[in-house]
Amino acid sequence: MAWVISALFALSMAVSCRDSASYLYTDFRSIPQSQWRPAQPITFDISCRDSLTQCAQLTVVVRHDNFYPHRDITLWVDVIDTAFRATRHRLNIVLADENGQWRSRGFGSVYEASASLSAPVNPQAIRRVVMWNGINDSILYGISDVGLSISQQ
């Protein structure tokens, strides 16, 4: 019986290490009181130490609750390179279907959805990523966290 538990533990460690090894960068920012104001940028300073990866995928993750009033969320994602040149991307993340059922996965009243930029990025060339709320509300309620990950393709 002890060997079964040891084998399961070793298998879970191998799978978790393999999955985390593909991530070059991952981080989250909390939105105070789950109220994202339009003029409130979310900034990620990127420090990617993998010098071999030239082509990676940039993914944005949004955590929301049941009080989020929209079916989707539009974000402006500014990718700033090491020469301080910005490239703006418009990213739309669908959170609910036409009937209002959350499509995002989650537990309890917290849900998580993600979307990736359509073009690959060079992680060595990224200095900073800045995200802006693209919904035209004065305050966007129900978004608790916004995350960013850069992973090997």
Okay, strands (runs of 3 or more DSSP E) sitting entirely in the range 42-153 with 3 or more residues that are farther than 18 Å from residue 32 by Cα, I get 56-65, 72-81, 86-94, 105-107, 110-116, 126-133, 143-152
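Being at pLDDT 95 or above and surrounded by fewer than 13 Cβ atoms within 10 Å (Cβ to Cβ) narrows it down to one residue among 90, 128; which is it? Walk me through it before giving the result.
On the way: 128 fails: surrounded by fewer than 13 Cβ atoms within 10 Å (Cβ to Cβ).
Every option except 90 fails the conditions.
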Over the range 114-125, the set of residues in contact with a Ser or Thr (Cβ under 8 Å, 6 or more places away or on another chain) and surrounded by 20 or more Cβ atoms within 10 Å (Cβ to Cβ) is 123
Please tell me if residue 93 is touching a Lys or Arg at 6+ places or on another chain (Cβ under 7 Å) and not hydroxyl-bearing (Ser, Thr, Tyr).
no
In the range 85-115, anything under 25 Å from residue 150 (Cα atoms) and of a type in the set (D, E, K, R) is listed as 85, 88, 90, 103, 105, 112
Per the filter on the range 37-62, residues touching a helix residue (DSSP H, G or I) at 6+ places or on another chain (Cβ under 9 Å) and among the basic types (Lys, Arg) are none
Does any residue of the range 58-67 turn out to be in contact (Cβ under 8 Å) with a residue 40 or more places away in the chain and either more than 14 Å from residue 146 (Cα to Cα) or surrounded by fewer than 14 Cβ atoms within 10 Å (Cβ to Cβ) (or both)?
-> yes
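The values are calculated or read from the model by the stated rules, or taken from the named source; none is laboratory data. Bear in mind that the values here come from a model prediction, so they are computed numbers and not experimental data. Cβ atoms come from the backbone with ideal geometry, glycine included; neighbour counts cover every protein chain shown.
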